[in-house]
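Written out below as structure tokens is the structure these notes cover.
No value in this document is a laboratory result; all are computed from the given coordinates. Treat the numbers as computed from the prediction; the structure is a model and nothing was measured. Please note: Cβ atoms are built from the backbone with ideal geometry, for glycine as well, and neighbour counts cover all protein chains shown.
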Amino acid sequence: MVEPVATGAADHLLRHLEDGVCWITLNRPEAGNALTTAMRDQLAEWFDAASSDLAVRAVVLAGTGEKGFCTGADLRPQGGEPPRPEGAPARTAGEAARMIRDGSPIPGSRWILCMTSPL
């Protein structure tokens, strides 16, 4: 089953589970698949859910389009951003990046994250 993000970026992330593989696809080829804040937050939720789902044996993160996988964070102003507290850094690493770096948050669980170019 394919599930779009439930936020304002309804078609920017897709997810489906097939044969124990959770496929997550970045779907913003016109923007180089750059991640918005909503996409970053949704990815973190989906990675967390995949890590606790016994049906998920691997996670594949893919990007649509012809040019490349992902250009990184979309740094253009986005509506609805909370104000940054005084003295806070301009940018922070997203939860998804921490999960990739640190691995699965559930002790004893194992899953593989595989990033791929456009399919």
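Summary of computed values
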{"item": "Per-residue HN-Hα couplings for the stretch 41-52 [Karplus 6.51, -1.76, 1.60; θ = phi - 60°; Hz; x = Gly/Pro]", "result": "5, 5, 4, 4, 5, 5, 5, 4, 4, 5, 6, 9"}
{"item": "Exposure proxy order (Cβ contacts within 10 Å, fewest to most) of Leu61, Leu35", "result": "Leu61, Leu35"}
{"item": "Pair Val21, Leu54: separation of 7 Å Cα→Cβ label points (nm)", "result": "2.4 nm"}
{"item": "J(HN,Hα) series, the stretch 20-31, from Karplus relation 6.51 cos²θ - 1.76 cosθ + 1.60, nearest Hz, glycine and proline x", "result": "x, 10, 8, 9, 10, 10, 6, 10, 9, x, 5, 10"}
